[in-house]
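Trainee: This is the structure, below, for whatever I ask next.
The values are calculated or read from the model by the stated rules, or taken from the named source; none is laboratory data. Owing to the predicted nature of the structure, the values given are computational and were not obtained by experimental measurement. Cβ placement follows ideal geometry from the backbone for every residue including glycine, while neighbour counts extend to all protein chains displayed.
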Amino acid sequence: MNDTTRPESDARRAFLGQLGLAAGYTGAVAGLGALGVTQQVAAKGEAPSPAKSFPTPDYDWSKHQWAFGVDATKCIGCLRCVEACKRENGVAGDAHHFRTWVERYVYLEGETRPRIDSHHDPVNIAASGSEGEYRFANRYQDAKVEKAFFVPKLCNHCTHPACVQVCPVGATYRTEDGVVLIDHDYCIGCRYCVQACPYGARLFNEEQGVSDKCTWCYHRITRGLQPACVEVCPVGARIFGDMNDKQSPISLFVRNNRVQVLKPESGNAPNVFYVGIDREVV
Amino acid sequence: METLVHAAPFTGYVYPNETIIPWTVLIVVYPYLTGLVAGAFTVSSMYQVFGIQRFKPVAHLALLTSLCCMLIVPMPLLLHLGHAERALNSMITPHWTSAFAVFGYAAGFYVILLMLETWFVYRPYIVQQAQRGKGPLRWFYQALSLGSHDLSENAMNYDRKWTFTLAVIGIPAAHGLHGYIGFVFGSLKAREWWSSDLMPLVFLFSAIISGTALLIVIYVLSCRLRRVPVDLPCLKGMAYALWGFMMFTLLLEGVEFASLVYRAREGIEIIMEYVRGPLLMTFFVLQFGVGSLVPLTVLSYLIWRGTTGRTLIVGVTASAALVLFAVLMMRWNVVIGGQEIAKTGKGLVNYLPTIGGREGLLAAASLVAMPFVLLWAAVRLFPPWQNAQVPSPVGPSP
């Protein structure tokens with residue numbers, strides 16, 4: 001090596017040295033971060049910072065703990081809830097986007113497994129005449145039905161929501177008062193949450209390019225109203241309320257019934273409590 | 001509205017929101033490209049790190065292939081996002097509980113690593129062109145040389161040290177990146193078809209075979225185009241590697257499938273219905289039969305008979321092409337297969353890809369072709385061939 005090249009080479013070595021040092025620091029920071037992450041991952045999706053008053057000055061989300069009940073023995077499958085939800089929340093009026101839906105379970109004589117359908121089934125769409133109208137066709141009128149019931153479905157607003165866990169940007173979160181929401185202005189539209197929900201409760205809004213789901217009508221419940229689906233149910237099959245209030249309809253429903261949740265093995269700890277469903281309910 | 005184009009026909013009972021497949025063919029391309037990156041890097045490391053001399057003719061080509069594929073890897077994701085302009089949110093405000101939050105950092109780190117390694121490997125060539133080249137290309141190389149024209153023995157030793165270090169770091173980085181994509185799928189408990197601890201390993205080994213197969217095809221093709229003889233020991237080396245890693249891949253895939261069937265958890269009936277029905281063609285015939293058993297048999301025969309010459313070249317290249325196809329089918333069967341089996345465990349969805357559109361087959365095919373367009377340009381700017389005039393600076397320092 002001659003003298004003329006040495007300074008250049010030294011400068012390069014110094015620069016690369018600094019680069020290495022910077023990489024080292026980054027690694028150390030990432031390592032420390034990883035420790036925190038391990039804790040967070042193990043804790044699954046927890047509630048965000050405990051702000052006192054949210055979203056309005058006269059609503060304190062730390063004072064409520066919302067929950068939902070479904071009494072399947074009462075549901076008549078009229079689907080007013082589905083229609084009310086679509087109108088209230090501007091959900092696409094087709095057979096592929098639902099924040100809430102109703103399933104029908106029919107056991108025919110001589111069959112051990114139920115026949116399951118919902119209003120997105122082609123036969124039911126044909127009966128209503130349109131994807132935007134929701135109806136259960138009377139398809140079993142000539143069959144011998146042993147047992148049949150309806151099961152309303154919606155987001156379970158889980159205590160450990162898998163959808164919140166997988167969101168790469170934190171656009172979806174669980175509120176202090178126990179509702180899982182999506183920030184549509186922050187969602188990147190990757191649909192990882194749609195995959196992660198074991199209940200099929202998440203949908204993708206193609207027009208807005210973001211994920212969507214039931215919010216228990218957060219804009220209504222924070223103003224003292226009931227969710228739209230609960231409001232319109234003619235038979236009281238949908239029950240909503242504050243678990244912190246021991247005399248609320250939901251507290252009474254959970255206390256006075258032997259309730260169960262869907263897919264408890266998922267570890268998500270759902271907060272929609274069911275009465276009157278059987279083992280075949282998916 | 002695009003919605004109804006995506007709405008898939010279904011049988012049995014599926015949740016209403018499931019009738020639109022969330023992850024389309026673009027998400028098939030994404031792990032396919034990442035796998036090629038990791039596999040090509042493995043081939044390059046055989047020489048750069050492990051010093052296996054017979055891989056020398058393809059070492060630089062492998063590095064360039066890896067880089068070109070990696071540059072395209074984020075594209076299918078960006079094209080898929082509902083809001084691509086918010087993509088950087090995952091790096092600005094990463095939500096660390098998400099398996100996907102780390103992707104931006106991991107991919108960014110790996111692209112920088114690949115660029116640095118390529119720069120060190122090609123520095124002698126860049127300097128030479130910066131000094132002797134003509135016209136605008138000379139300015140290009142001058143800019144790339146970063147003002148350092150030092151090719152002394154000392155400087156070359158220094159470069160060798162860096163190349164070696166980067167190649168060593170690159171091995172866990174490349175394989176980590178791809179194994180982690182396997183984890184993204186394998187950790188999703190909502191889907192029985194994906195939820196497997198073996199998924200990261202299956203992804204990893206299939207990545208290695210796809211990268212090796214790709215190198216075989218590109219190398220033989222490039223030799224034909226340049227009218228130079230194929231380096232047979234090199235080709236044979238890659239054939240051995242392909243054969244060996246294929247054994248592992250097939251074994252892992254077999255074990256994964258067997259344990260799924262043997263565990264027979266809830267929903268297994270619908271999985272079996274799926275496997276016997278729609279999956280029969282893509283999984284058993286195309287992925288396992290045509291794509292895996294045929295090339296494995298051909299390769300075994302060639303190795304057993306000690307075949308050489310033109311027969312070896314044709315046999316190995318054809319096998320490699322089949323393996324490339326098999327891995328693509330494997331990605332399809334995992335990504336699309338997982339979504340065709342409904343979360344209800346009572347029904348099947350039938351994904352019908354569109355031809356055009358943002359998430360159609362044409363877009364996917366273009367994305368698969370893009371790295372090779374890049375590579376076509378890259379080999380002109382940075383010839384990876386052994387007879388390039390500059391002595392190769394690669395390999396661990398003695």
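Trainee: Answer yes if at least one residue in the range B:77-84 is more than 11 Å from chain A (Cβ to nearest Cβ) and either touching a helix residue (DSSP H, G or I) at 6+ places or on another chain (Cβ under 7 Å) or outside any helix (DSSP H, G or I) (or both), and no otherwise.
Mentor: Taking the range B:77-84 first, the residues more than 11 Å from chain A (Cβ to nearest Cβ) are B:79.
Among the residues that remain, those that are also either touching a helix residue (DSSP H, G or I) at 6+ places or on another chain (Cβ under 7 Å) or outside any helix (DSSP H, G or I) (or both) are: B:79.
Yes, the conditions are met somewhere in the range B:77-84.
Trainee: Now for a separate question. Which condition number does A:Lys147 fail, the rest of (1) out of contact with any helix residue (DSSP H, G or I) (no Cβ under 8 Å at 6 or more places or on another chain); (2) in a loop (DSSP other than H, G, I, E, B); (3) closer than 25 Å to A:Asp71 by Cα being met?
Mentor: For A:Lys147, the exception is condition (2).
Trainee: Of everything in the range A:98-113 that's within 11 Å of another protein chain (Cβ to nearest Cβ) and aromatic (Phe, Trp, Tyr), which residue is surrounded by the most Cβ atoms within 10 Å (Cβ to Cβ)?
Mentor: A:Phe98
Trainee: Scan the range A:236-254 and give yes if some residue there is modelled with pLDDT of 95 or more, in a helix (DSSP H, G or I) and of a type in the set (Lys, Arg), otherwise no.
Mentor: Step one: list which residues in the range A:236-254 are modelled with pLDDT of 95 or more, which gives A:236-254.
Next, only the ones that are in a helix (DSSP H, G or I) stay: A:249-254.
After this cut, where a residue has to be of a type in the set (Lys, Arg) as well, the list is none.
No.
Trainee: Return the pairs, sorted by first residue and then second, in which the second residue is at pLDDT 95 or above and among the aromatic types (Phe, Trp, Tyr), the first residue lies in the range B:352-377 and is closer than 18 Å to B:Trp23 by Cβ, the beta carbons are less than 8 Å apart, and the residues are 6+ apart or on different chains.
Mentor: Note: pairs meeting the criteria are B:Val368/B:Tyr32.
Trainee: Now for a different question. Can B:Leu214 be described as part of a helix (DSSP H, G or I), modelled with pLDDT of 95 or more and either charged (D, E, K, R) or closer than 27 Å to B:Val28 by Cβ (or both)? Lay out the reasoning, then the answer.
Mentor: Working: part of a helix (DSSP H, G or I): yes; modelled with pLDDT of 95 or more: yes; either charged (D, E, K, R) or closer than 27 Å to B:Val28 by Cβ (or both): yes.
Against the criterion (part of a helix (DSSP H, G or I), modelled with pLDDT of 95 or more and either charged (D, E, K, R) or closer than 27 Å to B:Val28 by Cβ (or both)), B:Leu214 qualifies.
Trainee: How about the range B:136-190: which of its residues are closer than 30 Å to B:Ser210 by Cα, polar (S, T, N, Q) and in a loop (DSSP other than H, G, I, E, B)? Lay out the reasoning, then the answer.
Mentor: Of the residues in the range B:136-190, the ones closer than 30 Å to B:Ser210 by Cα are B:159-190.
Next cut, polar (S, T, N, Q) only: B:163, B:165, B:187.
Selection gives B:Ser187 alone.
Trainee: Is it true that B:Phe100 is among the aromatic types (Phe, Trp, Tyr) and buried (at least 18 other Cβ atoms within 10 Å of the Cβ)? Give the derivation first.
Mentor: Numbers: among the aromatic types (Phe, Trp, Tyr): yes; buried (at least 18 other Cβ atoms within 10 Å of the Cβ): yes.
Against the criterion (among the aromatic types (Phe, Trp, Tyr) and buried (at least 18 other Cβ atoms within 10 Å of the Cβ)), B:Phe100 qualifies.
Trainee: A further question follows. Among the residues of the range A:231-257 satisfying the criterion of being closer than 21 Å to A:Trp61 by Cα and β-branched (Val, Ile, Thr), which is nearest to the chain's Cα centre (by Cα)?
Mentor: Of the range A:231-257, the ones closer than 21 Å to A:Trp61 by Cα are A:239-251.
Now narrow it down to the ones that are β-branched (Val, Ile, Thr): A:239, A:250.
Working: A:Ile239: 17, A:Ile250: 19 Å.
Ranking the candidates gives A:Ile239 first.
Trainee: Is it the case that A:Asp177 is surrounded by fewer than 20 Cβ atoms within 10 Å (Cβ to Cβ) and charged (D, E, K, R)? Outline the logic, then answer.
Mentor: Values: surrounded by fewer than 20 Cβ atoms within 10 Å (Cβ to Cβ): no; charged (D, E, K, R): yes.
Considered against the rule, which asks whether it is surrounded by fewer than 20 Cβ atoms within 10 Å (Cβ to Cβ) and charged (D, E, K, R), A:Asp177 comes out as no.
Trainee: Please go through the range A:140-171 and give me each residue that is over 22 Å from A:Arg279 (Cβ atoms) and either within 9 Å of chain B (Cβ to nearest Cβ) or touching a Phe, Trp or Tyr at 6+ places or on another chain (Cβ under 6 Å) (or both), ordered by number.
Mentor: Scanning the range A:140-171 gives A:Ala162, A:Val164, A:Gln165, A:Val166, A:Cys167, A:Pro168, A:Val169, A:Gly170, A:Ala171.
Trainee: Does B:Val28 satisfy the criteria of being more than 14 Å from chain A (Cβ to nearest Cβ), touching a Phe, Trp or Tyr at 6+ places or on another chain (Cβ under 8 Å), modelled with pLDDT of 95 or more and within 30 Å of A:Val91 (Cα to Cα)?
Mentor: Numbers: more than 14 Å from chain A (Cβ to nearest Cβ): yes; touching a Phe, Trp or Tyr at 6+ places or on another chain (Cβ under 8 Å): yes; modelled with pLDDT of 95 or more: yes; within 30 Å of A:Val91 (Cα to Cα): yes.
For B:Val28, the condition - more than 14 Å from chain A (Cβ to nearest Cβ), touching a Phe, Trp or Tyr at 6+ places or on another chain (Cβ under 8 Å), modelled with pLDDT of 95 or more and within 30 Å of A:Val91 (Cα to Cα) - is met.
Trainee: Okay, moving on. Among the residues of the range A:191-207, is any more than 28 Å from B:Ser195 (Cβ to Cβ) and facing chain B (nearest Cβ under 8 Å)?
Mentor: Start the filter on the range A:191-207 by keeping residues that are more than 28 Å from B:Ser195 (Cβ to Cβ), which leaves A:207.
Cutting the leftovers down to facing chain B (nearest Cβ under 8 Å) gives us A:207.
Yes, the range A:191-207 contains a residue that is more than 28 Å from B:Ser195 (Cβ to Cβ) and facing chain B (nearest Cβ under 8 Å).
Trainee: Continuing with the same structure: Which condition number does A:Gly132 fail, the rest of (1) touching a Gly at 6+ places or on another chain (Cβ under 6 Å); (2) in a helix (DSSP H, G or I); (3) within 27 Å of A:Pro114 (Cα to Cα) being met?
Mentor: All conditions are met except number (2).
Trainee: Right, next: Please count how many residues of the range B:141-185 are out of contact with any Ser or Thr (no Cβ under 6 Å at 6 or more places or on another chain), of a type in the set (A, V, I, L, M, F, W, C) and within 15 Å of B:Arg123 (Cβ to Cβ).
Mentor: 8
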